[in-house]
Amino acid sequence: MLKRKRGLKWLSAFAALGLLLGIMAGCQGGTEQPTTAGPTTRQEAAADTTAEAPKKTEAPEETEAPETEAPEETEAPETEAPETETAGEPTPVTIWYTIGRFTIDERTDQIPREEDLGFLEEKFNIKLDFVTSPGDQARDQLGILLSTNSMPDIVATPGAYDTFLIRPDQLFTDGQIIDLGTVIDQIPTYKSIIDENPVLMKNVMDDEGHILYFGMPIFEAEIGMSGGLMLRRDWVEKLDMEMPQSIDDFLNILRAFRDKDPNGNGEADEIPFCGTQGSLQVIGNLLGVQETFSMVGGSGGQVVFGPFEEEIYRERLKLIRTMVEEKLINENYYNFDMQMRDTWISEDRIGAALTGLGNLDKWNNLMADHESFLMWPFDNPAQEDGNRYFDRTDLSKAMRHDITMISSNALDPGVCAALLDYFYTDEGHMLQTFGVEGLTYEMDGDFPHYTDLILHNPDGLGVGDAQVKYIGIPGARTYEDLRVWAQLSLTTPASRQAAMKTWTDTFTEETNTPIPPAMMTVDDADEYATIMADLQTYLLESVAKFTTGEWDIDTQYDAFVEECRVLGAERALELQDIAIKAWQERGGVPYEFTLQRAEIDWSKIPFLSERGIEYMDPSLR
């Protein structure tokens, strides 16, 4: 029996969500997250059958596929799209999602409705409708839907999964969403995925075994390596130095960038490391402990509170202070306008950065006419214990954070479930990820090349905007696909080496420090939020004072830790520990890191630029 819905409390609950969201972001280390442009390949699913994706047999002239060959993929069994009966009147299905630049109707200038939305409506005997909200109004509008018990059939939320903007377990407790276990026969593909991947099971289920939402699984490690550390390799060689392998190596290279005029213009204008306060926190994480809560031993290990790990946390503070005190980072790091990075890159001033594959590619292409410019990835530096520590949240949870839920108001939950499950089949995945064959992509063997409608849009849209406008069904989720990023982001030696080798080869789950996406009980979450409202503020202020030298790390650290205790740090740690242990035990199976390495024949994807190819692993050519 469906639980009685409690609506009015959501009005007051949403008033506190902004604070809670900021707190939870702070608990992840307060770091600048690398640009998300991560790759992945097709997942292994249950059925060994074939299915054709919706196609257009005659493509418009402007959408001819690029004349490039693409990589062979990791072998994976294909999943069959279910056959559906189409008797009777269509079932209305309404999907709520946050809208970006384009509405779903705007794609019909190139994509006839019958090729995607119409195809789905016929296949599932449904009538699709969409309710949208601008991103900056999404929280308030969703709060109104919840408080008035007027949720539409399907609700797709960005950032809900592990930022606690929307808590699926609380929505279920309040009767706002259904347990997908009640429509288990309609989600065979999704169910097989979570059954075969223990970490996904822990993420999507609550402690009682209810399946709460559809997520975006990751199956290959490379997908989580969408950003990292990089530096000017040409400067390193000009100064007769080696690529860094330790923190001391890294700092010495930055000092040389600062002092030895590697750009050769006779001015001391080099910016050794360009970044923000968040970048400094990520640098600190390299030592193995984050600003607030960290895992020791990976997602299956033990949670700790950073300041209580006295020896390593002192070293963390000293490293961050060194970066600032010695002017190894731009002086305006605390309120830095990130758009300035491109300007400084073009002026040949930046020596190192922490950013994503997109910028790595962009900067090397921007400076293609420079006689030597080469921004190149490097490993997370090894520490004294021999380990390299990582801050890879997506790898620890094997999922992106966007989720989709079925409302308890749904007219036919089974139809909604079958529709959403479809996008995890091979056929549905192709529609969601690549669009309509002949219009947005063309097949080259088993590889889907985007057409010029996406890559060289006739209306001047960038690739990202063209993808958003013309590809995918709003609100649907599927697994991510390396074939997307192979042809869009891994087309220079530097980016390919970064994602496929440098940032991935040395990764170990045991040295990955982010806490997993464990949700506390409602009462524990309220208590935790109350503690962290003051504790997080104190931490941020204290770290800033240690960083600038206002506080002395050696003489004032003990008082800092004691104040953390007074503000409730021990209880906050206890609450985190309870939630994480429950997450680890969920499903009755231990946590297991299941991500695999991708296998691609890179000889089929030509480079847009070959600068740096001599440094790249030969297997990637």
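The values are calculated or read from the model by the stated rules, or taken from the named source; none is laboratory data. Source: prediction; values computed, not measured. Glycine also receives a Cβ, built like all others from the backbone with ideal geometry; neighbour counts cover every protein chain displayed. In case anyone asks, the SASA skips ligands and DNA or RNA and just uses the protein heavy atoms, side chains included. Shrake-Rupley method; radii C 1.70, N 1.55, O 1.52, S 1.80 Å.
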Could you order peptides 439-452, 387-400, 97-110 by the average number of other Cβ atoms within 10 Å of their residues, highest first? 387-400, 439-452, 97-110
Relative contact order for segment 305-419: what percent, with Cα pairs under 8 Å and sequence separation of 6 or more? 9
So for segment 472-621, taking the charge dipole from beta-carbon charges (+1 Lys/Arg, -1 Asp/Glu), which of Leu490, Ala525, Gln596 sits furthest toward the positive end? Leu490
Leaving ligands, DNA and RNA out of it, rank Lys127, Lys362 by accessible area with a 1.4 Å probe, largest first. Lys127, Lys362
Relative contact order for segment 447-542, counting Cα pairs under 8 Å that sit 6 or more residues apart, in percent: 13
So for the pair Glu347, Lys260, with labels modelled 7 Å out along Cα→Cβ, what separation do we get in nm? 2.4
Sort Glu220, Glu267 by heavy-atom solvent-accessible area, probe 1.4 angstrom, most to least. Glu267, Glu220
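So how much slack lies between Asp554 and Arg621, counting 0.36 nm per residue of separation and subtracting their Cα-Cα distance, in nm?
Contour length minus the Cα-Cα distance gives 19.1 nm.
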Before I look further, what does segment 282-339 give for accessible area per residue, probe 1.4 Å, in whole square angstrom? 39
Debye log10 I(q)/I(0) for segment 484-621, one point scatterer per Cα, at q = 0.14, 0.18, 0.21 Å⁻¹: -0.87, -0.98, -1.16
Multiplying the sequence separation of Val522 and Asp601 by 0.36 nm and subtracting their Cα-Cα distance, what value in nm do you get? 23.6 nm
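Rounding to the nearest 20 debye, state how big the charge dipole of segment 439-497 is about its Cα centre with +1 on each Lys and Arg Cβ and -1 on each Asp and Glu Cβ. Show your work: numbers first, answer last.
Numbers: 4 positive and 8 negative charges, 43 e Å.
For this selection, approximately 200 debye.
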A 29 angstrom limit on the alpha carbon distance is what I want to check against. Which of Lys397/Lys604; Lys238/Lys545; Lys362/Lys469; Lys397/Lys501; Lys202/Lys362; Lys327/Lys362 exceed it? Lys397/Lys604; Lys238/Lys545; Lys202/Lys362
Please give the charge dipole size of segment 204-259, origin at the Cα centre, charges +1 on K and R Cβ atoms and -1 on D and E Cβ atoms. Round to the nearest 20 debye. 440
Once you have the Kirkwood Rh of segment 310-404 from its Cα pairs, apply Stokes-Einstein at 20 °C and 1.002 mPa s and quote D in µm²/s. 130
Determine the equivalent ellipsoid of segment 141-253 by diagonalising the alpha-carbon gyration tensor, then write out the semi-axes as square roots of 5 times the eigenvalues, largest first, rounded to whole Å. 45, 19, 12
Can you give me the % of accessible surface on segment 375-480 that is carbon or sulfur? Probe 1.4 Å, all protein chains present, nothing else counted. 45
With a 1.4 Å probe and all protein chains kept in place, how much accessible area does Thr521 have, in Å² rounded to the nearest 10? 80
Work out Dmax and Rg for segment 404-450 from the C-alpha atoms and quote the Rg first, both in angstrom. 14.2, 44
Express the relative contact order of segment 233-356 as a whole percentage, based on alpha carbon pairs under 8 Å and six or more residues apart in sequence. 31
Accessible area per residue, Å², segment 522-604 with all protein chains present, probe 1.4 Å: 49
